[in-house]
Each structure stands twice: as C-alpha cells, then as structure tokens.
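What follows is a short report on a single structure.
Read-outs throughout are calculated quantities, based only on the coordinates presented, and are distinct from any laboratory measurement. Remember, predicted model here, so these are calculated numbers, not experimental data. Note: ideal-geometry Cβ built from the backbone for every residue, glycine included; neighbour counts use all protein chains shown.
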C-alpha cells in the first residue's frame, strides 16, 4: 500500500516544467516550422506596418535560452551577444526579468549616426539591418544607440547586431530566440508605424523611447512606472577610447599652437603642425577597418562623424602650409597660398572643433551635453593658443577649465539618481585618483607657464588627456534594464 510520501513522489514525477514540456515536444522529431507558426506573422507587413518583437513579461523566466540560441545559431564570437536578459526592480519585492535585442526603431539612431551607410531599414519589413561589409568599425553607432544594441567585435574589427533573423522570416521560419524560448514569451508581430509615432508605450525603467521610437512591445504584466534597472547604481567606468582621447587633445592643442604661431613664431608653427598630425594619425587607430574610411561622404547628410572627418580633412593642410612657409621656394603663388592658409586657419579650426563637440552632444548622453562639452573642447584650443602669447590669458583659460571640471561634481548634491549624478559619482568614486591628477596638472601647468611655456606645454597636454579620459570613462551609458553579458548568461546555463 502506497504511503502519502509515495503518492507525493509519484505526483512530483508527473509535473512538467515549461522547459521539460518544451523538450518533450521536440523529442524524436525533426524541427517543424509549424510549431512556431503562431509566433510569427504569416503574411508580410502591409504599407505603414513593420515587424516587431513582442515580449510577454509574465512568461519570461530569465532562463536565457534566447541568448544562447541567438549566439549559437548566428555563429557569434565568444564574447559577442545580440540579445540580453536583465532585471527590473520596483521595491516591495517586485522583480521582472526582461529579454531584449534590437528594437528595430522607427528612427534608428545607429543608422542616422553611421558615417559610411552601413545600416539600412528595410522598407517592406522595417527591420534595421547592419551591412557588415560596409562597416569601418568606428563604433559611433554604439554611442548613438540608447539601448546598447550594436556590439563591437574586436576579432572582426566591425560592429554587428540583431537583424531579427530576417532570412528565417523570409522562409516562414521563426527567429532563433523565438524558437528557443520554452515558454513562448517572445514572438514576432506586425505594428502600425503611425500609431507608434503618436503613442509609444515602451517599457518603464528603460531609456526613453522618444529618441528612436522603438517598436518592441512588452505586454503581459504591468510594470510600475517607478521601476528601475537592477544595474542602475553600479559604478562601472565606460571604455577609455584612447585613440579618440588622443585625437581630441592633440588636434585641439595643435591647432591652438598653430594659431599662436601667426604672431611670427616659426618654431611654434612646426610643433603645432607635428602635434596636430599626431592627433590625426591617432584617430585611425580607433577604426577597425580604416582602409574603408574614404566612404565617409555617404553620411554627410545625417552623421556628425562624417562632418568631422570632412572638416579635419579640409583643415589638415593648413598647419603644414603655415609651418613650411619659411622654407618654401619663392614662387609666384607662395604668398597668396600662405595668406589664405593664415586667414582661414582660425575659422576653420573653430568649425572643426565644433564638429567634434556635436559628435558627442548628438549621442544624447547627459554628461556630453552641448553646454558642457563646447567650453571644454574650445578651452583646450584657447589654452594652447594663449600659452605662448600671454601668461595671464593662459591663466584665465586654465581657471575656466578647472571650473568646468568642478561643475561635473555638482550633481553629487542631488538626492535622487540621475545620469549626471551617476557621472559625478564615477568621477568622485572609481576615477577619483584621475580627477585629482587632473587638478594637480592644471595647477602645475599654470605655475610653470610663468617660468617657461615649453615646460608648461607637455604638462598641459597630460592634463587635457586626463580630462578626456574622464570624459569617456565617467559618462552614464544608457542601456536596457540590467543587461547581462554573454559570459554571465552562458555560465548561468
């Protein structure tokens, strides 16, 4: 006679978890597309519609099967992931796992920022595709996307991202993540683009949908408006982007020194030209495929990166001409050539630096706001231009730079979390030693300027490089809630 324990154990053996039911339905049979027909549209979108991911939050268990399937079936690199799973929290014990990939936005910022046209939004499906063979690996789309969707592959030297397995959809087959989800939490639906432009009810706790108008629908469970990503308070410095930091500092100081040389100092002109071109060379190391950078003109209508490349390409000969002027042979067009170079240097320099400002302002990241980045970049140019002209003018520039650096710390007074406060906490926390060196070198450059400008110059360059290091590392980078990297996901499974 069975005891109560025997009966309970027998009942337990008959229970089926979602994963077990999913596994059982696929035992001993070929992969059948009809198993997923209810999870994808059977017809292509009508005019004014497009495909979109739909996630039923009450069905998502956070198992990360979608992450592994996407990684495996798309042949991604070891540290590469096109789909993430994160966590939302709202107090009182509320927690919600969130799976996310590319949102195939109505106004994709990745596409608008790309300088070489390596993105396209399909007119019939609305899928935002990345064209790997066109990519130069500049990573500007990574900075532009507020959802941390494009991922840079160091092995390939390019960016890649989710394309909704568009080839599978064309063949009537569900994407990898849809097929792998044991609870059918992920599906593909058709959405009306006009309706999304008027009302875009995105996921609370995620970055604002106003910038790109994402199409992903999160349904099935009401998420409190005050929900926050689990990773929000994590103070993790962002990538340093050393080639970009060097480019910004060296080109701005080089142009400043060349401007100062207009007073007749040939040595300054030569040093300025050398430093400027070192900055131009440093920028190429940020590109995964620099040999394709000549295609930058394709993005001139929309991309500030394209405009920066054009501006610095046009200004590049000017420091060289001014530096070489005393050594050029006396030919008929020498005088007008040098005159035009000197006359156009300052407006061209200001225009080129402005394009650098706009590159970062256009990412919509709060610490890179126009009102902060503009004086920061232009004062680097001004400090270099005044260092050899008048020490008191240089002192004013250094004082202004110190004030701007201090301004970054003001949000520490705020009680509530904000991107600006997060950036300030990074500066005052993990990056505090760099901040202290920044202030120390500013003070050292100011003191040595009254002794010898040539001694102050390398100190100024080091100080500005520390500033750009803080600029890149101490920025709040928006992303989907609590995204986990691939290694964490694979270890969990």
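Overview of values
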| quantity | calculated |
| --- | --- |
| Order of 109, 436, 464, 56 under a 10 Å beta carbon neighbour criterion, fewest first | 436, 56, 109, 464 |
| Shape of the stretch 242-473, Cα gyration tensor, a/c cut at 1.5 | oblate |
| Order by protection proxy (mean Cβ within 10 Å, highest first), peptides 167-179, 377-389 | 377-389, 167-179 |
| R0 of 22 Å, Cβ-Cβ distance residue 225-residue 369: FRET efficiency to nearest 0.05 | 0.30 |
| Linear extension gain, residue 439 paired with residue 452, 0.36 nm per residue minus alpha-carbon span | 2.7 nm |
| Between 0 and 90°, nearest 10: helix 304-315 axis offset from the chain longest Cα axis | 20 degrees |
| Cβ-derived FRET efficiency at R0 51 Å, residue 417 paired with residue 291, nearest 0.05 | 0.75 |
| Principal-axis tilt of helix 266-284 within the chain, Cα atoms, nearest 10 degrees | 10 degrees |
| Separation in nanometres of the label points that stand 7 Å from Cα toward Cβ, at residue 236 and residue 72 | 2.5 nm |
| Relative packing of peptides 228-239, 438-449, 94-105 - highest average C-beta neighbours within 10 Å first | 94-105, 438-449, 228-239 |
| Segments 428-434, 319-325 sorted - mean Cβ within 10 Å per residue, highest first | 319-325, 428-434 |
| The chain: relative contact order as a whole-number percent, Cα under 8 Å and 6+ apart | 19 percent |
| Förster radius 56 Å - calculated FRET efficiency between residue 193 and residue 403, Cβ distance, rounded to 0.05 | 0.75 |
| Proxy reagent accessibility, fewest Cβ within 10 Å first, across 242, 304 | 242, 304 |
| Overall Cα dimensions of the chain - principal axes, largest extent first, Å | 107, 49, 40 |
| On Cα atoms only, tilt of 391-407 relative to the major axis of the chain in degrees | 10 degrees |
